[in-house]
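Pasting a structure below so you can have a look.
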Amino acid sequence: MGYELIIAEKNELVDATLKHMYQGRKTGYYYTCDTDNKRIMATNGHMMTLLDPEEYDPTLKTWSLLTIPWVNHKPRKKPDPSKAAQFKVLLELIAGADSIIHAGDADDEGQLIVDEILQYAKWTGKVKRVYITDNTDGGVKKAYANLIDNNLKITDGYAAEARSIADKNFGYMMTRLYTCLAKEQGFSGVLNVGRVQTALRGLVVRRDREFEAHSKAYYYTVTGLFNIDNVSFNANYQVNPIADPVDDKNRIIDKDFANNLVSKITGKPAKILSISTVKKQTLPPLPFNKAEITSAAAKKFKVKLDVIDKTLEDLRLVHELITYGRSDSRYLSDEIFADSPLRLESVAANSSELAGIIAKTDTTIKSKAFNNELCSVHHGIIPTQKLADISKLSTIERNMYLFIAQSFIAQFLPNHQYDQTNLTLEVESHKFTASSKLVTVNGWKDVFAEIDVEESELDEEANSSGLQSISNGSIGLCNKGTTNNKETKPRPRYTLATLVKDINSIAKFVKDEKIKKLLQDKDKDNPDLHGSIGTPATQNGIIKECFANGFLFEDAKGNIISTPICRDLHDILSEQFTMPDLTALWYEQQKLIAAGKLTVSEFTADVFEFLGKEIAKVKSEGIKLNIEMIPCPKCGKALKRQDGKFGFWWGCSGYPICDAKYKDNDGEPILIEAKKPVATGEKCPLCKIGDIVIKEGKFGEMKACNQYPKCNYIESKPKAESKSPDATGGKCPKCNSELVKRISKLTKKEFIGCSGFPKCNHMEAIC
């Protein structure tokens, strides 16, 4: 007699099942539940991968225009070689099972991950589907109590498979097409083209050009300092767009007009036309998802993508202090609401600095974050109930844990409440407005003021308080008018924080209404996404690829800027590639596949037809690269910017024939070739294995072991013996001290100077 096999996508689903459903013991890659006769194992992502083009046709191993486009072979898959041992065990478990429970994530990709394994194993038995979106006790038990037939959802996996096939063939063919054409013009790198990365790079290119094309201009505002009912306050002039000299944004562009207005109102009576006070409140921001924590951490802690990703992984897997860090949802389940007191107690025990504010929380407050219907595959990122000494965490781990904890604590504090007073007044027939804000309950801002909720009704220069005591119809005086000169600003360049936000709401940049709606519909079940490209799990990796491949770079100020080759490729690509059009159009087809109205083969046939036409068009018209390549000073071939262990550097595209290397300076190579280490013939006294070489270090030449980093021996330079300056026998004409011979540090030439330096700086040249 066999057993029931549960195949989960992630380890945390295995852990949740073991915690709340079955008792099991670890048996290599899987768990054995003897009492319930079950086996449980996680795939940890895809265990199958599509074959590469050259595995269908060996001639495709060589990149050539003659082989593009290639034949639409029936897609085949193979086990991922990196998971060979794990996959072998899973196949053995499948062979011995009586029935199977499919526990992939509750999305089309999660459906495919398990289905493609069962297909490869030629499984023909029963398969039940479980959807676990909440890892709490109640959530897990409810999910297992509502199993459904897997055949009812299998078409969801087909949709994901279709997307994977289309992405692979599109990326492979288009990358080869443009790279081969570029090589005919002397380009020696790779022009990567992909559905997501090309659209992402398009955002950056367009923003860069908008920023650079901005021409400086000025506009003017007028502010009056008023005193009415013994209250002094500032009010801003309300532009009359019909009568006043304004631009298309209703900003005054005539300085003389502004100055004349100031002269008119200064010292003149002012009358209150209307005044009102309304009570307002702002809700706490929702907990973080992957995109939001990436954006917020990049802005607040000034850290890179790699650091953010590793920190989230370590906080979850190593320290077990936060929930799943790649979630696309910012909402939480009712089950989490029920166990929130225990979660808050754990955070208070872990952090003395948060314990005080946690004592003020009210766990009966149910914020808008708690919504079962909006909580998707994974809920928002929140702290776990794990107790830990967080002083042992690294600085960034501790900071991000507390940041995530703060967002959770905020859900159990009152709304931020304030009284907003707005008034309109008139002076010399000109209207001015003012506003003030009086906070009555600080609420969640006591713990989480960093992420503010926009209060757009308030003027940019709002008064802090005091307007409430002014009466309607009161008359006072304009004590002083002021003209404020302001410069128009372009939208700033992208930073990591703003780029991550925009790729998750890319629909707002689309002009085509059909495409815009398709993108919005794609994310209609996830209120935290508004026409996104990629997924929270893949977006950071794609951005890093764009850096590594030389298309984007980050300057010293944290701005993300497109490189010349990135802009050049953007200009020669079709607009439907540089915009999110393909994501939208393919999504429309994938919906039909999930509904059983379109087959994968029909979809891929359409994709291949589209690619064939596009490739024929590009081949016929050709491409024109406008970029001037940076030649290697050593051999003349193009230099390539690369991402290494210690940051970016430039290497010759002619490697290994030419091994020239150069340092990077904000996206430009420092064209001084790094010196090769010179052997000294000495053995390392530390490791006894390596040889001592003379090499370039951060502070110049040094002697070190050639086995670094295994051996970190460095021979310190002996300090040069200080030599007393030679006396000349002469006297300084300024202070009568002795004159001595010195050597200039700058020119290395000898000169005569006063021995009393630095008190006396007398110098004489030696003729």
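Return the total of residues in region 417-439 being assigned to a strand (DSSP E or B) and either touching a Phe, Trp or Tyr at 6+ places or on another chain (Cβ under 9 Å) or of a type in the set (D, E, K, R) (or both).
15
Can you tell me how many residues within region 413-445 are surrounded by 23 or more Cβ atoms within 10 Å (Cβ to Cβ) and out of contact with any strand residue (DSSP E or B) (no Cβ under 7 Å at 6 or more places or on another chain)?
The number of residues fulfilling the criteria is 1.
Follow-up question, since we're still on this one. Give me the residue from region 605-623 that is farther than 17 Å from Thr175 by Cβ and touching a residue at least 40 places away in the same chain (Cβ under 8 Å) and, out of that set, surrounded by the fewest Cβ atoms within 10 Å (Cβ to Cβ).
Within region 605-623, the match that is surrounded by the fewest Cβ atoms within 10 Å (Cβ to Cβ) is Gly622.
Test Gly104 against the criterion of being touching a Ser or Thr at 6+ places or on another chain (Cβ under 9 Å), at pLDDT below 95 and outside the structural domain of Arg176 (by TED's automatic domain parsing), and give yes or no.
yes
I would also like to ask the following. One residue is enough: does region 113-129 have a residue meeting the conditions within 30 Å of Ala548 (Cβ to Cβ) and within 32 Å of the chain's Cα centre (by Cα)?
yes
Only one of these is assigned to a loop (DSSP other than H, G, I, E, B) and among the basic types (Lys, Arg): Lys128, Lys216. Name it.
Answer to the check: Lys216.
What's the number of the only condition in (1) among the basic types (Lys, Arg); (2) more than 19 Å from Glu373 (Cα to Cα); (3) out of contact with any strand residue (DSSP E or B) (no Cβ under 7 Å at 6 or more places or on another chain) that Lys142 fails to meet?
Result: Lys142 passes all but (2).
For region 510-537, what are the residues that are of a type outside the set (Asp, Glu) and either part of a helix (DSSP H, G or I) or under 30 Å from Glu668 (Cβ atoms) (or both)?
Listed by number, the residues that qualify are Lys514, Ile515, Lys516, Lys517, Leu518, Leu519, Gln520, Lys522, Ile533, Gly534.
If I filter region 373-380 for residues that are acidic (Asp, Glu), assigned by TED's automatic domain parsing to the domain that holds Tyr331, surrounded by fewer than 16 Cβ atoms within 10 Å (Cβ to Cβ) and more than 29 Å from the chain's Cα centre (by Cα), do I get at least one hit?
no
Tell me which residues, restricted to region 115-143, are under 25 Å from Ile381 (Cβ atoms) and touching a residue at least 24 places away in the same chain (Cβ under 8 Å).
Matches in region 115-143: Val130, Tyr131, Ile132, Thr133, Asp134, Asn135, Thr136, Asp137, Gly138, Gly139, Val140, Lys141.
Quick one: which residue in Ile101, Ile68 is buried (at least 16 other Cβ atoms within 10 Å of the Cβ) and closer than 26 Å to Thr323 by Cβ?
Within the list Ile101, Ile68, the selection yields Ile101.
Hey, another quick one. Within region 153-172, identify whether any single residue is over 30 Å from Asn484 (Cα atoms), among the basic types (Lys, Arg) and not in a helix (DSSP H, G or I), and answer yes or no.
Yes; the residues of region 153-172 include at least one that is over 30 Å from Asn484 (Cα atoms), among the basic types (Lys, Arg) and not in a helix (DSSP H, G or I).
Which residues, taken from region 1-48, are among the charged types (D, E, K, R), over 17 Å from Arg129 (Cβ atoms) and in contact with a helix residue (DSSP H, G or I) (Cβ under 7 Å, 6 or more places away or on another chain)?
Arg39
Continuing with this model, one more query. Among the residues of region 219-258, how many are within 34 Å of the chain's Cα centre (by Cα) and surrounded by 12 or more Cβ atoms within 10 Å (Cβ to Cβ)?
0
Which of the following residues is part of a helix (DSSP H, G or I) and either more than 17 Å from Asp328 (Cα to Cα) or without any contact (Cβ under 8 Å) to a residue 24 or more places away in the chain (or both): Phe408, Phe403?
Exactly one of Phe408, Phe403 is part of a helix (DSSP H, G or I) and either more than 17 Å from Asp328 (Cα to Cα) or without any contact (Cβ under 8 Å) to a residue 24 or more places away in the chain (or both), namely Phe403.
Here's something else I'd like to know. Let me confirm something: among Tyr30, Tyr56, which residue is under 30 Å from Gly325 (Cα atoms) and either more than 35 Å from the chain's Cα centre (by Cα) or not acidic (Asp, Glu) (or both)?
Tyr30
So which helices (runs of 4 or more DSSP H) are wholly in region 1-103 and hold at least 2 residues that are in contact with a Gly (Cβ under 7 Å, 6 or more places away or on another chain)?
In region 1-103, 84-96 are the helices (runs of 4 or more DSSP H) which contain 2 or more residues that are in contact with a Gly (Cβ under 7 Å, 6 or more places away or on another chain).
Something else now. Are there any pairs, at least 6 apart or on different chains, whose C-beta atoms fall under 6 Å, with the first in region 640-666 and loosely packed, with under 12 Cβ neighbours inside 10 Å and modelled with pLDDT of 80 or more and the second part of a loop (DSSP other than H, G, I, E, B) and of a type in the set (A, V, I, L, M), and if so, which?
Close Cβ pairs satisfying both conditions: none exist.
Quickly run through region 383-401 and pick out the residues that are closer than 21 Å to Ile365 by Cα and either in contact with a Phe, Trp or Tyr (Cβ under 9 Å, 6 or more places away or on another chain) or at pLDDT 95 or above (or both).
Answer for region 383-401, where residues must be closer than 21 Å to Ile365 by Cα and either in contact with a Phe, Trp or Tyr (Cβ under 9 Å, 6 or more places away or on another chain) or at pLDDT 95 or above (or both): just Pro383.
The values are calculated or read from the model by the stated rules, or taken from the named source; none is laboratory data. This structure is a prediction, so every number in the text was calculated from the model and none was measured. A quick note on method: Cβ atoms are made from the backbone with ideal geometry, for glycine too, and the neighbour counts reach across all protein chains shown.
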